[in-house]
Amino acid sequence: MLSFAAACSSSEEKLPQGARELTFEIKAKQFVWQVKHPGADGQLDTEDDLFLENQIVLPEKTRVHLQLESLDVIHGFWLPSRSLRLTLIPGKKYEASLDFVKTGKFRLACSENCGVGHSHMIGWLVVLDQESYQSWLTSQKK
Ligand SMILES: [Cu+2]
C-alpha cells in the first residue's frame, strides 16, 4: 500500500521533454541506506541492477522515482537540498519523484533518531554528466 507520495520540483529546473526516468529502490535499515540502482539498462529488477550503500548515482537531466521503505524501525529519509523529508514507518511503502537537470552532489541523511548508529545514516545523491555517468557504470561492473 502506498502511504505517501511526494513530487518536488523547483521552477528553475525544467527537464527537457522525453527526459530519461530512473527508478531506485531504497531500503532503510539500522544503520544504512540500501540502494538498488537500475544499472545500465535503466530498468529495475533486471540482471544488471547495482546494489549500493548510502549512495544514489544518476545522470543529469533525469526524472528520478524513489521507492522507499524501512526494514526495521522508523527512519527518516531526508534530502535537505530539496526540502524532502519522509518518515518511513516499517511495513509501509513510500514514493517520491524528483527532477535533476544539473550535475551536483547532495547530502542525504536520516532525520529520525533510529538508534545508536543513527549518525552513520548519511549519504550522497550524486548527479553526474552523461560521460562521467557512463564511466561510473563501467567501473561498477565486476
Ligand atoms: Cu535511521
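Just so you know, all these numbers are worked out from the coordinates, no wet-lab data involved. On a predicted model such as this, the values are computed, not experimentally measured, just so you know. Because the Cβ atoms are built from the backbone with ideal geometry, glycine has one as well, and the counts that use them run over all protein chains shown.
At 222 nm, what value in deg cm²/dmol follows for the chain if DSSP H runs of at least 4 each add -39500 (n - 2.57) and the sum is divided by all its residues, to the nearest 500?
-2500 deg cm²/dmol
To the nearest 10 degrees, how steeply does helix 130-140 sit against the main Cα axis of the chain, on a 0 to 90 scale?
Once rounded, one gets 60 degrees.
If you average 1/r over every pair of different alpha-carbon atoms in the chain and take one over that average, what Kirkwood value in Å do you get?
Mean inverse Cα-Cα distance, inverted, gives 15.4 Å.
Pairs of lysines 8 or more apart, or on different chains, with alpha carbons under 19 Å: count those in the chain, would you?
Lysine pairs, 8 or more places apart or on different chains, close enough: 15.
What order, most packed first, do the peptides 43-56, 117-130 have when packing is the mean number of other Cβ atoms within 10 Å of each residue?
Going from most to least packed, we get 117-130, 43-56.
Taking a label point 7 Å from the Cα of residue 46 along the Cα→Cβ vector, which residues of region 102-141 have an amide N closer than 16 Å to it?
Correct set: 134, 137-138, 141.
Give the separation of the Cα centroids, region 97-136 to region 15-88, in Å.
9 Å
HN-Hα J couplings of region 50-56 from phi, Karplus 6.51/-1.76/1.60, θ = phi - 60°, integer Hz, Gly and Pro as x?
10, 10, 10, 10, 6, 8, 10
Taking the DSSP beta bridges in the chain as the whole, what percent of them are antiparallel, to the nearest 5?
Roughly 60 percent of the DSSP beta bridges within the chain come out antiparallel.
Could you tell me the relative contact order of the chain? Use alpha-carbon pairs under 8 Å, at least six residues apart, and round to a whole percent.
It rounds to 27 percent for the chain.
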